[in-house]
Amino acid sequence: MTHAPAPAVSLPTSDADPFAAEHLSQPEPLHQQLRQAGPVVHLARYNVYALARYREVHTALVDWQTFQSAAGVGLANFRHEKPWRPPSLLLEADPPHHDAPRRVLREILAPPALRKLRATWQTVAEELVDTVLADRGSQFDAFTDLARAFPLRVFPDAVGLGPEGRDNLLPYGNMAFNAFGPANDLVKADADRAAELSAWVNAQCAREALSEDGFGSRIWAAADRGDLTHAQAPLVVRSLLTAGVDTTVHGLAATLYAFATHPDQWQRLRERPESARVAFDEAVRWQSPVQTFFRTATTDVTIADALIPEGTKILMFLGAANRDPARWLDADRFDLTRDPSGHVGFGMGIHQCVGQHVARLEAEALLTALARRVERIELTGEPRRHLNNTLRSWAALPVTVRPAR
């Protein structure tokens with residue numbers, strides 16, 4: 001990748017709409033087409049440049065100086081368009097504005113700090129699985145009863161939210177991630193609740209709304225110390241509530257779907273429960289709950305002999321990179337013997353998901369609790385997707401389980 005003028009090349013062009021329902025529900029065929037077309041593909045419908053191969057996606061993610069986030073990580077270009085809400089200090093900012101908020105959150109969400117939550121979350125996970133098996137029996141919806149229920153119980157507690165209104169978290173996250181795409185029907189469907197959901201979330205970020213022992217109060221304490229400004233504190237709390245729920249819910253659903261369709265891998269987990277975190281990362285690679293993010297070129301940049309002009313939007317297909325056969329052996333298979341640590345499902349570089357250790361801890365708790373109690377898990381019907389412009393989301397995951405003897 002260089003900043004020199006590019007030689008004249010015939011750039012592959014596609015008329016495909018990656019935000020069309022057919023591609024959101026089943027993205028792999030389009031991903032394969034884009035990878036095969038070339039390292040850079042012009043998407044004519046939106047006049048953006050697509051990166052679908054692992055090498056180029058990884059490079060763009062780590063080179064924040066050339067591929068900026070501050071112009072928005074969605075299709076909207078903040079250089080020319082006013083964002084619908086104050087930009088995220090984590091996702092939609094670059095150094096130096098990005099540095100202090102990330103430093104504060106990295107300390108609050110570091111593995112040593114999370115160890116205090118491990119025992120509590122494990123107990124909650126075991127109680128949840130026991131309740132589901134007792135109340136639902138051997139057939140239930142693994143999305144609603146497990147993948148959604150567990151994070152919505154433990155994560156708001158950890159942030160310090162009160163009990164009221166937590167059912168707003170997923171709709172708000174759905175709206176926020178839809179907004180990274182074009183103003184299509186998915187965005188329009190959220191319009192009637194946008195003001196209500198935004199007002200509720202903003203209210204939860206205020207100091208007086210948060211308990212004294214959660215992540216949120218620690219963010220406000222960092223502002224008191226001068227590590228953040230008091231104007232930044234509620235926006236950092238909002239980042240947790242926006243990016244910390246939906247992604248984990250759909251990542252857990254992806255993991256349960258993976259095990260329901262790969263029974264040999266479920267047995268491997270039961271024999272090696274210490275591999276729960278690897279299983280979660282492999283599921284994130286395999287299904288990529290966050291499918292896409294945009295960057296904006298800060299200068300004329302050449303990628304594989306293709307010139308991307310300054311100010312142009314670049315669409316990175318994280319899901320396609322995570323199944324690039326040039327990077328992953330047998331890329332379409334969910335495989336616990338694989339080392340998935342290089343996947344870009346959490347991003348990469350300075351904008352890599354700061355809460356990924358929280359998600360892994362949630363996954364570890366739920367998967368180990370389930371593995372102790374369930375000998376086999378399998379689908380009993382067609383899983384249903386919930387379409388979102390950015391997320392590979394779920395609506396239902398019907399399963400039958402065989403309790404462990």
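The values are calculated or read from the model by the stated rules, or taken from the named source; none is laboratory data. Just so you know, these numbers come straight off a predicted model, no measurement behind them. With ideal geometry, Cβ positions are generated from the backbone for all residues, glycine too; neighbour counts draw on all protein chains shown. Heads up: the accessible areas ignore ligands, DNA and RNA and are worked out on the full protein's heavy atoms, side chains in. Shrake-Rupley method; radii C 1.70, N 1.55, O 1.52, S 1.80 Å.
Numerical summary
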read-out	value
Boolean, ASP264 is open to solvent by less than 10 Å² (accessible area, probe 1.4 Å) and charged (D, E, K, R)	no
Cross-chain or 6+ apart pairs with Cβ under 9 Å, segment 10-32 first and of a type in the set (S, T, N, Q), then open to solvent by 40 Å² or more (accessible area, probe 1.4 Å) and assigned to a helix (DSSP H, G or I)	THR13/ALA37; SER14/GLN33; SER14/ALA37
Unmet criterion (only one of (1) at pLDDT below 95; (2) part of a strand (DSSP E or B)) for ILE377	(1)
Residue list for segment 295-325, restricted to those being of a type in the set (Ser, Thr, Tyr) and over 17 Å from GLY347 (Cα atoms)	THR298, THR299, THR302, THR312
Odd one out for ARG35, checked against (1) open to solvent by less than 10 Å² (accessible area, probe 1.4 Å); (2) touching a Lys or Arg at 6+ places or on another chain (Cβ under 9 Å)	(1)
Segment 172-215, subset open to solvent by 30 Å² or more (accessible area, probe 1.4 Å) and part of a loop (DSSP other than H, G, I, E, B), residue modelled with the lowest pLDDT	ASP213
Residue in segment 137-155 that is open to solvent by 30 Å² or more (accessible area, probe 1.4 Å) and in a strand (DSSP E or B) present	yes
Set ALA110, ALA100, ALA119: member being among the aliphatic types (A, V, I, L, M) and either over 30 Å from LEU61 (Cβ atoms) or in contact with a strand residue (DSSP E or B) (Cβ under 9 Å, 6 or more places away or on another chain) (or both)	ALA119
Pair list, Cβ under 6 Å, 6 or more apart: segment 338-362 residue under 13 Å from ALA283 (Cβ atoms), other residue surrounded by fewer than 18 Cβ atoms within 10 Å (Cβ to Cβ)	PHE346/GLN352; ARG360/ARG277
Unique residue being closer than 30 Å to PRO95 by Cα and open to solvent by 10 Å² or more (accessible area, probe 1.4 Å) when the list is VAL245, VAL249, VAL290	VAL290
Verdict on ASP167 being closer than 23 Å to THR390 by Cβ and open to solvent by 40 Å² or more (accessible area, probe 1.4 Å)	yes
Of all residues making up segment 94-118, the number that are assigned to a loop (DSSP other than H, G, I, E, B) and of a type in the set (Asp, Glu)	1
Exclusive hit being under 27 Å from ALA20 (Cα atoms) and in contact with a helix residue (DSSP H, G or I) (Cβ under 9 Å, 6 or more places away or on another chain), set ALA183, ALA203, ALA194	ALA194
Filtered residues of segment 350-374 (kept if open to solvent by 30 Å² or more (accessible area, probe 1.4 Å), assigned to a helix (DSSP H, G or I) and modelled with pLDDT under 95)	ILE350, HIS357
